[in-house]
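Let me begin by presenting the structure, written as structure tokens, before commenting on it.
The values are calculated or read from the model by the stated rules, or taken from the named source; none is laboratory data. In this text the structure is predicted, and so the values were computed from the model without any measurement. Using ideal geometry, Cβ is built from the backbone for each residue, glycine included, and neighbour counts are taken over all protein chains shown. Ligands, DNA and RNA are stripped out before the accessible areas are found, and what is left, the full protein with its side chains, is counted by its heavy atoms. Shrake-Rupley method; radii C 1.70, N 1.55, O 1.52, S 1.80 Å.
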Amino acid sequence: MKLGFELKIEQSQKLIMTADLRQAIELLQFNTTELNQYINTELEENPMLDMMSNREKETSLEEHKETDVDWAEYFENSNNSGYKPERDRNLKGTNYEAFIKKEETLDEFLLKQLNLLCLDEKEKEIGKILIRSLDESGYLDLDLDFLSKKIKIKIDKIEKVLLKIQKFDPPGIGARNLKECLLIQIDHLKKEKPYLEIIIDEYLEDLAHNRIEKISKALKIKSSEVRKALEIIKKLEPKPGRYLYNGWEDVQIITPDAEIVLVEGKYEVVLNDVTGPRLNINNFYKNMMQNKNDEKTEEYLTERFNRALWVIRSIEQRRNTIKKLLESIIKYQKDFFEKGEKYIKPLTMKQVADDIEMHESTVSRASNGKYIQTPRGLYEIKYFFTSGLDGEISSTSIKSIIKDLVDNENKKKPYSDQKISELLRERGINISRRTVSKYRDEINILSSSLRRR
């Protein structure tokens with residue numbers, strides 16, 4: 001065996017992930033919020049970058065300034081014959097448009113009711129502690145024994161205050177569990193409630209599983225009486241605090257990245273500015289860079305200029321990628337846009353990647369967290385990528401058909417999973433009972449025994 005050192009020249013190809021390439025990939029993956037944050041940071045740090053919309057407004061304003069308007073002629077030809085005296089701008093008026101409505105929180109709503117009660121200072125303090133210990137659903141998330149030891153007040157006095165809070169609106173507030181919540185609401189009902197309390201107290205689980213006959217035999221009453229009780233219980237609120245603003249979470253508004261519109265019988269993609277706001281180079285700093293007065297200033301501005309060009313190119317490339325992706329989706333899912341959810345076809349990211357001549361990972365990043373407004377509603381782009389049976393019908397389409405079958409079934413004799421499987425086979429969809437059960441669970445449809453009325 002020969003041992004020694006040798007020098008060899010070999011030619012090989014390697015993909016080197018530069019910092020710019022990594023950032024461009026990350027930029028493509030950003031959702032609307034992340035992209036806006038990134039652009040705002042770049043605008044703050046890079047004087048060379050400017051929002052095109054702002055520049056366009058400035059240009060438009062300059063054009064209006066240069067336009068000569070004969071105001072005398074304008075008012076002479078005006079149809080407005082009303083006289084408006086000149087307003088004294090030194091007088092401070094009330095602008096009602098500047099006022100906004102403040103949402104009342106659950107705590108504030110309950111504290112108002114607490115203050116109306118005739119309680120001593122200790123009881124009011126206990127009431128405030130209990131109210132502030134409620135979770136967003138209105139349940140008391142606090143151990144009364146622990147509270148009693150901590151504030152050194154007898155538990156009987158704490159429970160006495162709690163009982164008063166449980167009589168507040170909304171009914172069911174301050175309960176420690178679902179059973180107590182429903183029983184409190186039953187007490188608020190101003191009508192006869194035979195068997196309701198005992199059914200909730202002892203047979204709530206059986207009721208949840210629709211075991212009507214078992215409850216009927218146990219209480220020795222007709223099944224129709226149990227069903228009447230069930231109808232009343234179904235109208236009760238299991239989370240009494242959820243309809244009041246709680247201050248813990250705000251509604252997140254989704255801004256679509258693009259819109260698909262029907263123009264002269266053809267579906268077109270219209271990109272929203274949030275997908276890639278139009279940026280351009282600031283002319284003031286661009287001229288400063290070209291003057292070459294200071295070497296350090298020129299070097300800094302040149303570096304910022306190159307960075308700005310890269311950001312503009314990357315965002316434009318991001319827009320083009322998303323547009324190509326959506327145009328390909330329209331091509332494959334045209335039946336969905338024309339006829340609805342039942343006609344959505346099986347589609348993989350690889351199919352779209354091959355169609356637009358990009359890598360599958362690029363398609364995945366471009367569709368991540370992006371939404372589109374369509375004639376049929378707002379959808380996440382990933383919604384259109386769905387698996388299917390034998391490549392013919394998508395799982396989303398099958399789920400839609402199952403939902404239609406269940407919605408139109410006889411509630412006294414609901415379809416079993418086996419029956420649904422047979423009905424689907426009659427439509428040419430070969431699907432097993434187990435798959436029907438799986439799809440039914442995914443779209444939150446109960447089993448036939450729990451759907452029976």
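Solvent-accessible area assigned to carbon and sulfur over region 270-342 amounts to 44 percent, based on a 1.4 Å probe.
I'd like to check one number: the per residue accessible area of region 357-434, probe 1.4 Å, reported in Å² as a whole number.
Details: 4320 Å² over 78 residues.
So region 357-434 comes to 55 Å² accessible per residue, rounded to a whole number.
Residue by residue, region 351-357 carries 3J(HN,Hα) couplings of 4, 5, 4, 5, 5, 9, 6 Hz when phi is fed to the Karplus relation 6.51 cos²θ - 1.76 cosθ + 1.60 (θ = phi - 60°); x denotes Gly or Pro. For region 116-177, lysine pairs with C-alpha atoms less than 19 angstrom apart, excluding pairs fewer than eight positions apart on the same chain, total 29.
Take the Cβ atoms of residue 278 and residue 379, set R0 to 22 Å, and the FRET efficiency comes out at 0.30. Checked against a 19 Å cut-off, the cross-linked pairs 235/413; 214/239; 324/370; 339/399 give Cα-Cα distances beyond that limit for 235/413; 214/239.
Do any of 331/403; 222/419; 234/419; 331/382; 220/411; 345/403 go past 20 Å between their Cα atoms, and which? Numbers along the way, then the final one.
Values: 331/403 27 Å; 222/419 30 Å; 234/419 28 Å; 331/382 15 Å; 220/411 25 Å; 345/403 18 Å.
Listed pairs above 20 Å: 331/403; 222/419; 234/419; 220/411.
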